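First the structure, in the form of structure tokens, and then the observations on it.
The values are calculated or read from the model by the stated rules, or taken from the named source; none is laboratory data. Worth saying up front: this structure is predicted, and the values here are computed from it rather than measured. Neighbour counts run over all protein chains shown; Cβ positions are idealised from the backbone, glycine included.
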Amino acid sequence: MMLMIQDKIVSTDIFESKFACNLNACKGACCWEGDFGAPLEKEELQILKDLYPKYKAYLSKEGIERIEKLGFYEFIEETKEFATTLMSNGACAYLTYNSDGSAYCGIEKAYNDGAISYRKPISCHLYPVRVTANEKLAFEALNYDVWDICSAACTKGEEQQIRVYEFAKDALVRKYGEGFYEELDEIAKDLIEDK
């Protein structure tokens with residue numbers, strides 16, 4: 001079922017499904033699995049270029065080589081959107097690894113260190129919420145992207161009773177503002193109580 005919240009079409013799966021990222025289990029597989037890089041919004045294309053000197057030191061050697069050879073992003077013909085550049089093995093060029101072997105965004109490491117004020121691509125921050133935009137019709141749809149590599153996150157979300165939209169709260173507020181999230185939360189709680 002879909003609901004209209006402000007000017008966004010929102011799938012009720014976001015309210016009903018449980019999710020809490022479990023890096024210990026998946027090791028950040030979403031950073032290297034899939035056919036394309038992370039979707040990018042148009043304004044992020046310039047941000048990636050402008051901030052590169054500040055976050056470059058946080059990237060891997062191969063990531064730097066790929067970005068400097070192929071660019072900061074690529075246009076995906078199949079999806080008609082821009083996405084992060086990939087390394088030769090299909091992993092995101094912005095991917096780095098923590099000491100425990102988990103994938104981690106080099107941009108986000110720079111953000112956490114205070115080197116930049118941009119956290120990471122909003123599509124990565126929102127995940128597992130995926131936004132589909134239709135510029136001609138001027139609407140956005142928010143859906144829960146179910147991916148088998150996130151099965152441990154579903155289990156953890158169920159155990160901790162964290163719903164998808166609650167897990168993605170910071171990202172939803174970052175993208176749409178506090179007012180949107182509060183309205184979303186109120187509608188979600190009403191739906192949950194009705195069930």
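Pairing each residue of region 140-160 that is more than 16 Å from TRP32 (Cα to Cα) with any residue that is part of a helix (DSSP H, G or I), provided the two are 6+ apart or on different chains, yields C-beta distances under 6 Å for TYR144/ASP13; TYR144/ILE14; TYR144/VAL164; ALA152/ALA25; ALA152/CYS26. Of all residues in region 140-183, those being closer than 15 Å to LYS8 by Cβ, of a type in the set (A, V, I, L, M, F, W, C) and modelled with pLDDT under 95 number 1. Filtered by the rule that a residue be at pLDDT below 95 and either touching a helix residue (DSSP H, G or I) at 6+ places or on another chain (Cβ under 6 Å) or in a loop (DSSP other than H, G, I, E, B) (or both), region 97-127 gives ASN98, SER99, ASP100, GLY101, SER102, ALA103.
Among the residues examined, PHE82 does not qualify as farther than 19 Å from LEU126 by Cα, in contact with an Asp or Glu (Cβ under 8 Å, 6 or more places away or on another chain), at pLDDT 95 or above and part of a strand (DSSP E or B). I'd like to know if region 117-139 contains one or more residues that are polar (S, T, N, Q), within 30 Å of LEU59 (Cα to Cα) and crowded, with 17+ Cβ neighbours inside 10 Å. Yes. Take the conditions (1) out of contact with any helix residue (DSSP H, G or I) (no Cβ under 7 Å at 6 or more places or on another chain); (2) assigned by TED's automatic domain parsing to the domain that holds VAL10; LEU172 misses just one of them, which is (1). Checking each residue of region 128-148 against the condition of being in a helix (DSSP H, G or I) and farther than 13 Å from GLU16 by Cα gives at least one match. Once region 32-46 is narrowed to residues that are hydrophobic (A, V, I, L, M, F, W, C) and surrounded by fewer than 17 Cβ atoms within 10 Å (Cβ to Cβ), the residue that is farthest from the chain's Cα centre (by Cα) is LEU45.
Scanning region 3-60 for residues that are among the aromatic types (Phe, Trp, Tyr) and over 28 Å from GLU183 (Cα atoms) yields TRP32, PHE36, TYR52, TYR55, TYR58.
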